[in-house]
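The values are calculated or read from the model by the stated rules, or taken from the named source; none is laboratory data. It should be emphasised that the depicted structure is a prediction, and the values quoted were computed from it without experimental measurement. Every residue, glycine as well, gets a Cβ built from its backbone with ideal geometry; the counts of neighbours run over all protein chains shown. Quick note on the areas: whole protein, heavy atoms, side chains included, nothing else; ligands and nucleic acids left out. Shrake-Rupley method; radii C 1.70, N 1.55, O 1.52, S 1.80 Å.
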Amino acid sequence: MQEPDSVQLPKIEDFYDLSYESGEIHLRGVKGRAFMLPTKAWATLRTSLSRLFKENAVQFMSHAGYAVGISYVEQAQKLEGKPKKLLRILLSIAKTSGWGHFSVEGDTDNGTQLTVIAKNCSFCHNESSTESPVCHFLVGFVNGMVDYLYGKPHTAVEIRCGGMGGEMCEIKIRELRPASGGDRAGGDRE
């Protein structure tokens, strides 16, 4: 996905105000304070949570990301726009916050078949040989954003991860559809 030359890309000062006197960073346009976390600190936190929660660590990190994703949408909804526009704004904020270079492909009007690509992802930064995806927080974040933006439940799965030696992380998002009423479990209709 190529960006036109005429598009002015946002800069960090477009989203944040930094007060050296109080040691605070504020998100512009909404009442919100931000903080920065180095990728090495995130990797240490992720490893610690994995040891502590063992098989529940993935669910914990995904749930935490989901809650943060909803929070981002709640704050951004003070800005005007349709879900498609807000999704792009939210991904720009994440990019400007140092999370990586994000793009979204698919049906952004309806939120049904989406793919989020994260190049230079901060959640798997300096990983290159994990056996499975490690960006569980990011997957939950994207899932929470999309669920809240479009008002429908979705599922999100990381199908490629930079931590597994790839060049990017790829998250597939699909709308969850209710089961059809006429089918019986375990039986085929003829």
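So residue 51 ticks every box in (1) open to solvent by less than 70 Å² (accessible area, probe 1.4 Å); (2) modelled with pLDDT of 80 or more but one. Which box is left unticked?
Here residue 51 meets the rest and fails (1).
Of all the residues that make up the stretch 23-38, how many are of a type outside the set (Lys, Arg), surrounded by fewer than 16 Cβ atoms within 10 Å (Cβ to Cβ) and within 25 Å of residue 124 (Cα to Cα)?
Number of matching residues: 5.
Would you point out the residue of the stretch 85-128, among those that are farther than 15 Å from residue 171 by Cα and part of a loop (DSSP other than H, G, I, E, B), that is least open to solvent (accessible area, probe 1.4 Å)?
97
If we keep just the residues of the stretch 75-84 that are out of contact with any Gly (no Cβ under 8 Å at 6 or more places or on another chain) and not in a loop (DSSP other than H, G, I, E, B), which is surrounded by the fewest Cβ atoms within 10 Å (Cβ to Cβ)?
As a first pass, look at the stretch 75-84 and keep what is out of contact with any Gly (no Cβ under 8 Å at 6 or more places or on another chain): 76-77, 80-82, 84.
If we keep only those that are not in a loop (DSSP other than H, G, I, E, B) too, we end up with 76, 84.
Details: 76: 22, 84: 16.
Looking at residues that are out of contact with any Gly (no Cβ under 8 Å at 6 or more places or on another chain) and not in a loop (DSSP other than H, G, I, E, B), I get 84.
This table checks each residue for (1) touching a helix residue (DSSP H, G or I) at 6+ places or on another chain (Cβ under 6 Å); (2) among the hydrophobic types (A, V, I, L, M, F, W, C); (3) within 28 Å of residue 130 (Cα to Cα).
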| position | (1), (2), (3) |
| --- | --- |
| 17 | no, no, no |
| 22 | no, no, no |
| 37 | no, yes, yes |
| 50 | yes, no, yes |
| 61 | yes, yes, yes |
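Quick one: in the stretch 137-165, of everything that is outside any strand (DSSP E or B), open to solvent by 40 Å² or more (accessible area, probe 1.4 Å) and of a type outside the set (A, V, I, L, M), which residue is modelled with the lowest pLDDT?
165
So, of the residues in the stretch 84-93 that are touching a residue at least 12 places away in the same chain (Cβ under 8 Å) and of a type outside the set (Val, Ile, Thr), which turns out to be farthest from residue 148 (Cα to Cα)?
Step one: filter the stretch 84-93 for residues touching a residue at least 12 places away in the same chain (Cβ under 8 Å), giving 84, 86-93.
Filter again for of a type outside the set (Val, Ile, Thr), leaving 84, 86-88, 90-92.
Details: 84: 12, 86: 11, 87: 11, 88: 14, 90: 12, 91: 14, 92: 17 Å.
Result: 92.
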